[in-house]
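For reference, the structure discussed in these notes is given below.
The values are calculated or read from the model by the stated rules, or taken from the named source; none is laboratory data. No experiment lies behind these values; they were computed from the predicted model shown. Note: ideal-geometry Cβ built from the backbone for every residue, glycine included; neighbour counts use all protein chains shown.
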Amino acid sequence: MVYFSNGQITIRNMEYEDAQAITDAEIEQGWDASIEKYQKRLEDQRLGKAISLVAEYSGKPVGYINVYPDNTWGAFGGKGYPEIVDFGVLEKYRKQGIGTILMDIAEEIAATYADTVYLGVGLHSGYGSAQRMYVKRGYIPDGSGVWYQDKVCKPYGECKNDDDLVLYLSKKLLGR
C-alpha cells in the first residue's frame with residue numbers, strides 16, 4: 001500500500017527486498033546493522049501486529065518506521081496505545097523532509113487506533129537528532145524514568161549507555 005508519493009519521495013509498506021537494501025546501506029555508512037531486525041518487523045506485519053513502512057527517495061529505499069497498534073512492552077505496553085518503533089533515515093538522505101513525512105504517516109496510522117502514541121528513544125549522543133525532533137513534534141517524557149533492557153532502571157541501578165537505554169515519550173494525537 002502507498003501512503004504518500006510526491007514524485008520523489010514515496011512512503012509505502014515495507015517488502016522483503018527493502019530489508020536487504022536498507023541493511024546493506026546501513027552497513028555501508030558504518031552502522032552495526034542486521035537484516036534480522038527488518039525480518040522481524042516484516043513478520044510482525046504479516047501477522048497483523050505491525051505496519052512497517054519504507055521511504056523511497058527516487059525509487060531507492062532510504063528510511064523506515066514501524067507502528068505497533070497495541071504493543072505489549074514499554075511504558076504504555078498493554079494499554080491499547082500504539083508505539084512507533086525503529087525509525088531511521090540513511091544519513092545521506094537526511095534533512096530532505098523524509099523523516100518528517102515518515103513520522104507524519106506513522107502518527108496518522110496511530111491516530112486510527114488511539115488518541116495517544118508513544119515511542120522509546122535512545123539516550124546516547126547517536127540519538128541526539130531524534131531526541132530533538134521528538135520534542136519539536138510534541139512528544140513528552142511519560143514519567144516512568146529511564147528504561148534499560150525493557151525494564152525501568154531503578155534509581156541508582158546499573159545500566160549501560162547503549163542502545164538498550166531509552167526514555168519513553170508520548171504524544172496526544174489530534175483528530176480522535
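When you scan region 130-176, how many residues do you find that are within 28 Å of GLN96 (Cα to Cα) and of a type in the set (S, T, N, Q)?
2
Could you count how many residues in region 139-176 are surrounded by fewer than 16 Cβ atoms within 10 Å (Cβ to Cβ) and under 11 Å from TYR118 (Cα atoms)?
The total comes to 3.
If you take the residues of region 62-76 that are of a type in the set (Phe, Trp, Tyr) and modelled with pLDDT of 95 or more, which of them is surrounded by the most Cβ atoms within 10 Å (Cβ to Cβ)?
That would be TYR68.
Give me a count of the residues in region 88-122 that are in a loop (DSSP other than H, G, I, E, B) and either of a type outside the set (Val, Ile, Thr) or over 23 Å from MET1 (Cβ atoms) (or both).
8
With among the hydrophobic types (A, V, I, L, M, F, W, C) and either within 26 Å of TYR168 (Cα to Cα) or within 14 Å of the chain's Cα centre (by Cα) (or both) as the only criterion, which of ALA21, ALA33 stands out?
Working: ALA21 fails: either within 26 Å of TYR168 (Cα to Cα) or within 14 Å of the chain's Cα centre (by Cα) (or both).
Matching residue, one of ALA21, ALA33: ALA33.
Any chance you could count how many residues in region 140-161 are assigned to a loop (DSSP other than H, G, I, E, B) and free of Cβ contacts under 8 Å to residues at least 40 places away in the same chain?
Total satisfying the criteria: 10.
I'm trying to understand the selection: among the residues of region 1-18, which are more than 18 Å from the chain's Cα centre (by Cα) and either in a loop (DSSP other than H, G, I, E, B) or of a type in the set (D, E, K, R) (or both)?
MET1, ASN6, GLY7, GLN8, GLU17 - these are the residues of region 1-18 that are more than 18 Å from the chain's Cα centre (by Cα) and either in a loop (DSSP other than H, G, I, E, B) or of a type in the set (D, E, K, R) (or both).
Condition check: at pLDDT 95 or above and surrounded by 14 or more Cβ atoms within 10 Å (Cβ to Cβ). Does GLU43 satisfy that?
So GLU43 does not fit the description; no.
Yes/no matrix, rows are residues, columns are (1) of a type in the set (Val, Ile, Thr); (2) touching a Leu at 6+ places or on another chain (Cβ under 9 Å); (3) buried (at least 18 other Cβ atoms within 10 Å of the Cβ); (4) without any contact (Cβ under 8 Å) to a residue 24 or more places away in the chain:
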| residue | (1), (2), (3), (4) |
| --- | --- |
| GLY78 | no, no, no, yes |
| GLY99 | no, no, yes, no |
| GLU107 | no, yes, yes, no |
| VAL121 | yes, yes, yes, no |
| SER129 | no, no, no, no |
